[in-house]
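Reviewing the structure listed below.
The values are calculated or read from the model by the stated rules, or taken from the named source; none is laboratory data. Quick caveat: nothing in here was measured; it's all calculated off a predicted structure. All Cβ positions, even for glycine, are placed from backbone atoms using ideal geometry, and neighbour counts span all protein chains on display. When the accessible area is computed, the model is the full protein with side chains, heavy atoms only, and any ligands, DNA or RNA have been set aside. Shrake-Rupley method; radii C 1.70, N 1.55, O 1.52, S 1.80 Å.
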Amino acid sequence: VISVDLGLDELRFWEIDPGSQKLIPLETSFLSLEPGYGPRHLVFHPDGKWLYVVNEKDSSVTLVNKSNVSKYTTGPTISTLPAGYSEKNTCSEIQLSNDGKFVYVANRGHNSIAVFKASFMDGSLTLLGHKSSGGLDPRHFSLSPDENYLLIANQNSNNIVVLKRSKNSGLLKYKTQISASSPTCVVF
């Protein structure tokens, strides 16, 4: 079990003891990220070697390497924003395609979805670009079960935007939208 602690800028690690049904801290029970990053959510790569942590306050994604069952180390951190962007921004959500090829992150402020390609060699991320969220403050988004679409809950523009997703390139294209009162989550 891994918890993400935004206030302490760290990840905490436990295992579940089936007998006592209690959480037992692992030998290495926490992993510190840079002060001020504000880790919010994480996703696991399907190969089990890496996980990606979205940092709300720093507008970035940190690669975490899993060296064995109880050892995790931080890798590179990459910005979710375009070069030169200096306005206020926070990140809200991160998702990974089931094939492990693409990572998506919501930017609140820049009002976009950052699209990254994940390397199968070392887990590193390459920024492919940004797609407008089609509204204000994308609080959450989800890939559809078939992963052909990405739906965004734009909390402060009262809409849910549907983007068509290319499984080959990972890139997104506007499809449609609907009105919704302060949407904060999209779940399938």
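For the reader, a short list of remarks on this structure follows.
- The number of residues in region 138-165 that are within 15 Å of the chain's Cα centre (by Cα) and open to solvent by 40 Å² or more (accessible area, probe 1.4 Å) comes to 1.
- The residues of region 166-188 that are buried (at least 17 other Cβ atoms within 10 Å of the Cβ) and within 17 Å of the chain's Cα centre (by Cα), listed by number, are G170, L172, V186.
- Region 105-119: number of residues that are touching a residue at least 40 places away in the same chain (Cβ under 8 Å) and closer than 15 Å to N168 by Cα: 4
- Qualifying positions in region 80-104 - open to solvent by 10 Å² or more (accessible area, probe 1.4 Å) and in contact (Cβ under 8 Å) with a residue 24 or more places away in the chain: L81, P82, Y85, N89, T90, E93, Q95, L96, N98, D99, K101
- Test for I2: is it aliphatic (A, V, I, L, M) and open to solvent by 50 Å² or more (accessible area, probe 1.4 Å): no
- Strands (runs of 3 or more DSSP E) wholly inside region 6-63 that include at least 2 residues being within 20 Å of A118 (Cβ to Cβ): 39-44, 50-55
- Selected residue (criterion: nearest to Y104 (Cα to Cα)) from residues of region 47-68 that are in contact with a strand residue (DSSP E or B) (Cβ under 8 Å, 6 or more places away or on another chain) and open to solvent by 20 Å² or more (accessible area, probe 1.4 Å): E56
- You will find that of I113, I152, I94, I78, the residue that is hydrophobic (A, V, I, L, M, F, W, C) and either modelled with pLDDT under 95 or farther than 27 Å from K49 by Cβ (or both) is I152 and no other.
- Failed item, numbered, when S132 is tested on (1) open to solvent by less than 30 Å² (accessible area, probe 1.4 Å); (2) touching a Phe, Trp or Tyr at 6+ places or on another chain (Cβ under 8 Å); (3) farther than 26 Å from V1 by Cα: (1)
- Verdict on K71 being under 30 Å from E27 (Cβ atoms), of a type in the set (D, E, K, R) and surrounded by fewer than 20 Cβ atoms within 10 Å (Cβ to Cβ): yes
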